[in-house]
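The block underneath contains the structure these notes are about, expressed in structure tokens.
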Amino acid sequence: MMVTIRDDGRLELPEEIARRVCYPLHGMIVCNGNVARAGILPRIKRHFPGVTIRVPFFAKIETAMDTVSLLPFQEKAVVEWLKNGKCGVIELPTGAGKTYIALWLIAFLRVTTLILVPTVALLRQWKKRIEEHLGVGVAVYGDKRKEIGAITVTTYESAKVLLSHYRTFFMFIVADEVHHVPAETLVKALIDAVAPFRLGLTATMWRSDKKEPVAFELIGPPVFRATYEQLKDYFPPVEIVKVEVNVPVEVAKRINAMKKRDAEKIIARSGYRISAVVKILRERKGKAIVFTRYIESARKMAIAIAHNTDRTVAVITSKTKREIRKRVLDDFRNGIINTIVTVRALDEGLDVPDVEIVILAGTSKAQRQLVQRIGRGMRPGKKRLVVFDIILNNVKLDEERFQTRERIYMKQFVSKN
């Protein structure tokens, strides 16, 4: 059987396929008789493996493919994606080289490619990697630029406008941090994008709203997944150290009686975690990232570290200007700064190499956030990573969240103490 992509970007479906796949997607009508919106191509491939997709015309691009080499587990991921009709989600831990899988596939397919990323920092990082490894120019749509090229990088926010004008131009869509795809406005953009080839990349597909199936419909199903435990031959062992901070019983009782949001703020503003972080960084050498929950507490923590240790420290938050963030990360890579305190700004995708210590000084129980934060220190070839998880004794909210994180540690990571 054959599905034809028309010049207007719609699909012509054989009657047998139309009967099977023409049900709504995320509440949207996808078919008018035997003519369908192109965003259901992954659904068609799932129901009809081996179906032929006829594309009237698309240009080939030239890339330097021999500059990208893959590790064995990355090769397995590529094979599974190809076997699934060149659609699907690859779920690998932070630091496992998901970007290099995408680069290899861009070079292999040699078709017009759109890369979707959640932040401008990642947009710039992808542009740099493509130019370095594939030897081709990269267009940027976003970050105050509106360029369209054979390989284009854009943010999820900008993609909504871009795809409304260029839905038939791109043959391959790479969705980095693909768990963002179920956002309603992005669903409306992707439902009409032609792209017969679709790749989703993430460290963990888990979403609190349980909308993972929406991404699977638009990008393709999970085709390959591995945890740090399964890749232990490639990654350093992770030592998880529980750091218990004693909170006076009367203080803990008052916090436990509060509403959740109020309790979170009181915990963050107290100095209990700060003293524990300072003690760790006095005793341990090596580059460190400290994750906390609020900007205010991040700034207080950085001041305490600067005044009470011999470390050089900087703060990166959502309020940090781009040029300052870039300079801090460059200084961190070059060893001028050896400690970064952050809130959420380094959670997703950004490459922060050479981290030896990760301190969780105020984090939630969200699986994706936890895996991504620990992943800041995970890179093949490193000797070891130590993760300090600071918990306030007698504080119910803190203890409950640690129990959830502990289950994730047991499931995902190699060494647990």
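The values are calculated or read from the model by the stated rules, or taken from the named source; none is laboratory data. Since we're looking at a predicted model, the values are computed, not measured. Every residue, glycine as well, gets a Cβ built from its backbone with ideal geometry; the counts of neighbours run over all protein chains shown.
Structural remarks
One line per residue, one yes/no per condition, for (1) touching a residue at least 40 places away in the same chain (Cβ under 8 Å); (2) surrounded by fewer than 14 Cβ atoms within 10 Å (Cβ to Cβ); (3) in contact with a helix residue (DSSP H, G or I) (Cβ under 8 Å, 6 or more places away or on another chain):
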| residue | (1), (2), (3) |
| --- | --- |
| ASN246 | yes, yes, no |
| VAL249 | yes, yes, no |
| ILE255 | yes, no, yes |
| LYS259 | no, yes, no |
| SER297 | yes, no, yes |
| MET301 | yes, no, yes |
| ARG311 | no, no, yes |
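- Of the residues examined, GLU62 is one that is among the acidic types (Asp, Glu), out of contact with any His (no Cβ under 9 Å at 6 or more places or on another chain) and at pLDDT below 95.
- Single residue of GLU132, GLU147 found to be surrounded by fewer than 20 Cβ atoms within 10 Å (Cβ to Cβ) and either basic (Lys, Arg) or within 23 Å of the chain's Cα centre (by Cα) (or both): GLU132
- Unmet criterion (only one of (1) exposed (fewer than 14 other Cβ atoms within 10 Å of the Cβ); (2) in the same structural domain as LYS411 (by TED's automatic domain parsing)) for ASP233: (2)
- Any chance LYS146 is basic (Lys, Arg), in the same structural domain as LEU218 (by TED's automatic domain parsing), over 24 Å from ASP330 (Cβ atoms) and modelled with pLDDT of 90 or more: yes
- Against the numbered list (1) surrounded by fewer than 19 Cβ atoms within 10 Å (Cβ to Cβ); (2) at pLDDT 85 or above, THR292 comes up short only at (1).
- When LEU116, LEU123, LEU163 are checked against the criterion of being in a strand (DSSP E or B) and not acidic (Asp, Glu), LEU116 stands alone in meeting it.
- Yes/no for ALA183 being in contact (Cβ under 8 Å) with a residue 24 or more places away in the chain, among the aliphatic types (A, V, I, L, M) and either closer than 30 Å to ILE357 by Cβ or in contact with a Lys or Arg (Cβ under 6 Å, 6 or more places away or on another chain) (or both): no
- Qualifying residue in region 333-343 (condition: modelled with pLDDT under 95, more than 19 Å from VAL387 (Cβ to Cβ), hydrophobic (A, V, I, L, M, F, W, C) and not in a loop (DSSP other than H, G, I, E, B)): no
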